[in-house]
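Just below is one structure, and these are the notes that go with it.
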Amino acid sequence: MSAVAEQARLLADRINALEESSTLAMTKKARELAAQGHQVISLSVGEPDFKTPAHICEAAKKAIDDGFHGYSPVAGYPDLRKAIADKLKRDNNIDWKPENIVVSTGAKHSLANAIQVLVNPGDEVIIFAPYWVSYSEMVKLAEGKSVILEGAFENDFKVTAEQLEAAITPRTKVVMYASPNNPTGSVYTEAELRAVAEVLEKHENIYVLADEIYEYINFTEEGHFSIGSIPALKERVITVNGVAKGYAMTGWRIGFIAAAKWIADGVEKLQGQVTSGTNSIAQKAAVAAFNGPLDATREMSKAYARRRDLVVGLLKEIPGFKVNVPQGAFYAFPDVSYYFGKSDGKTNINDSDDFSLWLLNTAFVSTVAGSGFGAPNCIRISTAAADEALTEAVQRIKTAVATLH
Ligand SMILES: Cc1ncc(COP(=O)(O)O)c(C=O)c1O
């Protein structure tokens, strides 16, 4: 064991029990190969390839000039909480006051906060799979128990109300899901979420953590539906959203929860001891985002839809790949299990981890194995890249898999 690994054993058990983020690990490997001079096409990161719209950047510059340099209130500036409350009414049919909103350092932070304030050791958190890599690790940090429900490929990777009902136990505390979903791009319809809500109406001690960070990247006719808009469930839904994906603001780190006052107060209390209010300049930029026009957001969404069509079309031509048609977000999530048990003569492919790593090493295309998302038959391919890069990447994948027998 290396000295560093030896020392790592001195870390607290809660850290040693955590998995490393698989998306960040693949991105790191891709960077290393690129640094060695390989022409790597990196499709592992979940990040828009657009710039933040100009009016939002201007608001940030103005905040600096106007002297917003000090600590902000723990739960966020009042004008930002008001802008978020207005946005929730306008877009989501959710009626909360600013006091129900807590702003944090990205939706990731908001999700982690919500889990910390609601989950006791041993509480069960039902997670709809495929799920975003960090969910189960956040639950682990709170000493909760993840109960994973798998959405079938045949049901566009979506979990049904019947599956949920069957998984509920007296220890169930939280149900969490993302729609639109990362990694599958699946979108839960209003009817599907109403069916979920009907099940939960019968269980008044269960809370819903609704991750809506991809809200604006939705290609369906019906559009986005927020479970928090259902009156019978309103007090028990924690709606999580932010600016990262819809406004191309991943680096600005602004997310929020909207929830019943006692939950918001709990998050504020936690945040008051751990991080304080988030970055003041980014908050002012977020005010401009939430109060401003959505033209740039809609343009970006159109581009993602076009790329979805491009990539899905090309992936479907690869023998053995099973491909769903994502309804939102910016990922493709093909089932590649046809190739498990095959080899190119040098490397045996036994699972999605092997497949993804082999693809990176042989075709220099970085993807992420589905295993970290609770879907071990799939790989995730980000479609947030230029058309030429996407076309070239899928061509490389096609050429590579032709060598597997
Ligand atoms: C499903 C999902 N939720 C939350 C987040 C975190 O968003 P933020 O960048 O605002 O922390 C991500 C980011 O990749 C995501 O994919």
>> So TYR207 passes all but one of these: (1) in contact with a strand residue (DSSP E or B) (Cβ under 7 Å, 6 or more places away or on another chain); (2) closer than 29 Å to VAL323 by Cα; (3) away from the ligand (no atom under 15 Å from the Cβ). Which condition number does it fail?
In response: (2)
>> Which of the numbered conditions does TYR304 fail, given that it passes all the others? Conditions: (1) touching a helix residue (DSSP H, G or I) at 6+ places or on another chain (Cβ under 7 Å); (2) within 16 Å of the ligand (Cβ to nearest atom).
In response: (1)
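Being away from the ligand (no atom under 16 Å from the Cβ), within 30 Å of ASN377 (Cα to Cα), part of a helix (DSSP H, G or I) and modelled with pLDDT of 95 or more: is that true of LYS140 here? Can you show your working first?
On the way: away from the ligand (no atom under 16 Å from the Cβ): yes; within 30 Å of ASN377 (Cα to Cα): yes; part of a helix (DSSP H, G or I): yes; modelled with pLDDT of 95 or more: yes.
Judged against the criteria, LYS140 is a match.
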> Which number in (1) at pLDDT 95 or above; (2) surrounded by fewer than 16 Cβ atoms within 10 Å (Cβ to Cβ); (3) among the charged types (D, E, K, R) marks the one condition that ARG31 misses?
Replying inline: (1)
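Among the listed residues LYS234, LYS284, which satisfies the condition of being among the charged types (D, E, K, R), surrounded by 20 or more Cβ atoms within 10 Å (Cβ to Cβ), part of a helix (DSSP H, G or I) and in contact (Cβ under 8 Å) with a residue 12 or more places away in the chain?
Details: LYS234 fails: surrounded by 20 or more Cβ atoms within 10 Å (Cβ to Cβ).
Step by step, each of LYS234, LYS284 is checked, and only LYS284 is among the charged types (D, E, K, R), surrounded by 20 or more Cβ atoms within 10 Å (Cβ to Cβ), part of a helix (DSSP H, G or I) and in contact (Cβ under 8 Å) with a residue 12 or more places away in the chain.
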> From the list GLY272, GLY255, GLY266, which residue is buried (at least 16 other Cβ atoms within 10 Å of the Cβ), more than 16 Å from the ligand (Cβ to nearest atom) and not assigned by the TED database to the domain that holds ALA384?
Replying inline: GLY266
> Does segment 79-95 include one or more residues that are farther than 30 Å from ILE238 by Cα and either surrounded by 12 or more Cβ atoms within 10 Å (Cβ to Cβ) or without any contact (Cβ under 8 Å) to a residue 40 or more places away in the chain (or both)?
Replying inline: no
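The values are calculated or read from the model by the stated rules, or taken from the named source; none is laboratory data. Keep in mind the model is a prediction, meaning the values are calculated, not measured. Counting neighbours? That spans all protein chains shown, and the Cβs are built from the backbone with ideal geometry, glycine included.
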